[in-house]
Amino acid sequence: MRNIVLIGFMGTGKTVIAKMLAHELDGKYVSTDDLIEKKEKRNINDIFRDSGETYFRKIEKEIIKEISLQKGQVIDAGGGAVLNSENMENLSVNGSIICLWSEPKIIYDRVKSTGHRPLLNVEDPLKKIKELLDYRRPFYEKADIHIDTTNGNIKEAVDKIKEILNAEKDV
């Protein structure tokens, strides 16, 4: 099985959808953020606070390069992984890239009560979400497949992804 790579902004459902896909397709669930935390022996907030985003992106790039060499995975890529073209090239070698998308207000509602979103530790998080989405949109648009998760129906999103991937196999 080729890797299935989920990209998209925080709060679009990457983690829950990736886990469900991995379960249903008998694949291995892999989270780039989890691997970074394991390698660094500290959480993402601490990495951003103590070492900065540039350092985090360097480690993220190394992790993505490693996991991209394997197959049979459902990869939950961090929201900013798309900002590095080398990450996208590596992820696409053995994988289909699927971008999950939701409206900014929905994203805000989903993530506002979590404290582990370092990029949203600002005075106006909704405004920051809109700014980041606008900036990242061209990167997200490079994905092979786009799924709108605004309605929040996880099972529906998983089924749609499976349907699209099955249709691609038949071509």
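Restricting the search to the stretch 34-51, which residues are of a type in the set (Val, Ile, Thr) and either touching a Phe, Trp or Tyr at 6+ places or on another chain (Cβ under 6 Å) or part of a loop (DSSP other than H, G, I, E, B) (or both)?
Step one: list which residues in the stretch 34-51 are of a type in the set (Val, Ile, Thr), which gives 36, 44, 47.
Within the stretch 34-51, just ILE47 meets the criteria.
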Residues of the stretch 17-33 being surrounded by 16 or more Cβ atoms within 10 Å (Cβ to Cβ) and in a helix (DSSP H, G or I), in sequence order, are ILE17, ALA18, LYS19, MET20, LEU21, ALA22, LEU25, THR32, ASP33
Tell me the helices (runs of 4 or more DSSP H) entirely within the stretch 88-171 that contain at least 2 residues that are closer than 22 Å to HIS23 by Cα and in contact (Cβ under 8 Å) with a residue 40 or more places away in the chain.
154-170
Just to verify a result, which residue in the stretch 1-16, among those that are part of a loop (DSSP other than H, G, I, E, B) and over 23 Å from LYS130 (Cβ atoms), is modelled with the highest pLDDT?
ARG2
The stretch 107-147, residues that are within 11 Å of GLY11 (Cα to Cα) and either in contact with a Lys or Arg (Cβ under 6 Å, 6 or more places away or on another chain) or surrounded by 16 or more Cβ atoms within 10 Å (Cβ to Cβ) (or both):
ILE107, TYR108, ARG110, VAL111, ARG117, ILE129
Can you find even one residue in the stretch 54-69 that is surrounded by 17 or more Cβ atoms within 10 Å (Cβ to Cβ), aromatic (Phe, Trp, Tyr), more than 30 Å from ASN166 (Cβ to Cβ) and in contact with a Pro (Cβ under 7 Å, 6 or more places away or on another chain)?
no
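The values are calculated or read from the model by the stated rules, or taken from the named source; none is laboratory data. Predicted model only: the values in this text are computed from it and were never measured. Note that each Cβ is placed from the backbone with ideal geometry, even for glycine, and that neighbours are counted across all protein chains shown.
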